[in-house]
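What follows is a short report on a single structure.
The values are calculated or read from the model by the stated rules, or taken from the named source; none is laboratory data. Just so it is clear, the model here is predicted, and its values are computed rather than measured. Cβ placement follows ideal geometry from the backbone for every residue including glycine, while neighbour counts extend to all protein chains displayed. To get the accessible areas, we keep the full protein, side chains included, count just its heavy atoms, and leave off ligands, DNA and RNA. Shrake-Rupley method; radii C 1.70, N 1.55, O 1.52, S 1.80 Å.
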Amino acid sequence: MQYLAMKSFDIRRNLATEQYLMNSDQIELPMVLFYIEKPCVIVGRNQNTVEEIDQKYCREHQVTVTRRLSGGGAMYQDLGNLCFSFIVSAQEQRFGDFKTMVAPIVKALHEMGVTGAQVTGRNDIVVDGKKFSGNAMYTRNGKTFSHGTLMLDVDTSEVAKALHVPEDKIKSKGIKSVRSRVTNLRPYLAPRYQQITTEEFRDQLIMRLLGVSEMKAAREFEYQLTPADQEQIELLQQKYYNNWDWVYGQSPEYTVQKRKHFTNGTIDARLLVKQGKIKQIKFYGDFFGTANVADLEKQLQGLIYQAAPIDQKLSQVDLDQYFKGIPRKEIIKLLVD
C-alpha cells in the first residue's frame, strides 16, 4: 500500500490532490492519503452551502469554505483533526460499505487504546455513542475513494459556531446535514498517546496500516508528488475548490426570508436564490420612500448572493429614496448576515 502525508494545510489544495491522485494512472492501488487543515468547512456535493454554514462567522474568522466531490453532510475541521482517504479499485469495493473500508483505521485505534471505537449507522465511527469520524465515498473511472475525519483534538465550540445557520427562514431542496453528538479521541487514547500531536497521530496510523514499527521503514512506501503532479493539482484547485461557482453556484434553488424592524420601519425581504445568485427579490414592510421599491428589486436580480457584490451595487444607489432613514449598512446586514 502506498501512502501520502500531504504537506499543505489548505483543504482546497488537499481535496485537489485527492482528486488528482484518484484520476491518476501512476499510483498503485490501494493507496491511503492523510491530510490536516486549518479551520475550514467542507459541504457535501449535494448540499446548499448557504444553508449549512454561518457565512458571517466564517468570513470574520477566516474559516475556509469549499465543496467536495462526495456526498454526505457538512463538516468543520481544524488543526486538531486528521483526514484520511483510501483509494481502491471500484471492482473490489462495494459502494457504501463504509464498515469494510474503514476497518483498518478502527483496528489501529483499538491498538492505541480506543477499544470502544466502532462503525455505526450509515457512515460514522463512534465511541461511547459519540461521533468522532464522518465518512463519504465517491466513484469514478474504476476507482473509489472513501475519505473520513478523525477528531483528535478539535475545538468543538467552533463546530457549532461555523455550522450554525442563523434563524433565517430558508427553504431548500438541498440535502441537510444531520447534527450528531461529537467527541474528540484524545481522552480515549492509551496514556502513552495522550499528548501526541496531530502529526504524530497520523504517523502512528501510517505505521500500523503498513505493519512497520518506525516511520523510516514506512517511507519506503511513500508517494512523492512530482512538479508535473503539482501543476495538475493547481489546475484542479482553481477549477473546483477555489471556484465560487463550484462552492456556492452548485447549490440548489432555495428561498430566504429576512425581516427586521428598524426605527423608521420594518423591512421584510423575500429572496429566491438559484445557483448562488438572486433570481427574484421582493420587499415588503411599512417603510417609507419616494421611489418605487420594484425598481430596486430589478437592480438586485442576478447578483451573487453575498455581502460584497450586494454592497457594491447598493453603494451606487440612493437607498434613502426607497427606505427613508434606514442606513445602507443595516440593509446589507439584513439581507446577507
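Quick check on GLN306: is it open to solvent by 70 Å² or more (accessible area, probe 1.4 Å), of a type in the set (S, T, N, Q) and under 34 Å from the mean Cα position of the chain (by Cα)? Walk me through it before giving the result.
Values: open to solvent by 70 Å² or more (accessible area, probe 1.4 Å): no; of a type in the set (S, T, N, Q): yes; under 34 Å from the mean Cα position of the chain (by Cα): yes.
Here the answer is no, as GLN306 does not meet what is asked.
Go through the residues of region 85-106 one by one and say whether even a single one is of a type outside the set (A, V, I, L, M), surrounded by 21 or more Cβ atoms within 10 Å (Cβ to Cβ) and at pLDDT 90 or above.
Within region 85-106, one or more residues are of a type outside the set (A, V, I, L, M), surrounded by 21 or more Cβ atoms within 10 Å (Cβ to Cβ) and at pLDDT 90 or above.
Could you list all residues from region 298-322 that are without any contact (Cβ under 8 Å) to a residue 12 or more places away in the chain, polar (S, T, N, Q) and under 23 Å from TRP246 (Cα atoms)?
GLN312
From the list LEU69, LEU79, which residue is assigned to a loop (DSSP other than H, G, I, E, B), over 28 Å from GLU253 (Cβ atoms) and touching a helix residue (DSSP H, G or I) at 6+ places or on another chain (Cβ under 8 Å)? I'd like the intermediate steps shown before the answer.
Values: LEU69 fails: over 28 Å from GLU253 (Cβ atoms).
Matching residue, one of LEU69, LEU79: LEU79.
Checking LYS131 against (1) closer than 30 Å to GLN306 by Cα; (2) touching a Lys or Arg at 6+ places or on another chain (Cβ under 8 Å); (3) outside any helix (DSSP H, G or I), only one condition comes out false. Which one?
Unmet for LYS131, out of (1) closer than 30 Å to GLN306 by Cα; (2) touching a Lys or Arg at 6+ places or on another chain (Cβ under 8 Å); (3) outside any helix (DSSP H, G or I): (1).
So if I check each of GLN237, GLN250, which one is open to solvent by less than 30 Å² (accessible area, probe 1.4 Å), among the polar types (S, T, N, Q) and under 23 Å from ARG59 (Cβ atoms)?
Step by step, each of GLN237, GLN250 is checked, and only GLN237 is open to solvent by less than 30 Å² (accessible area, probe 1.4 Å), among the polar types (S, T, N, Q) and under 23 Å from ARG59 (Cβ atoms).
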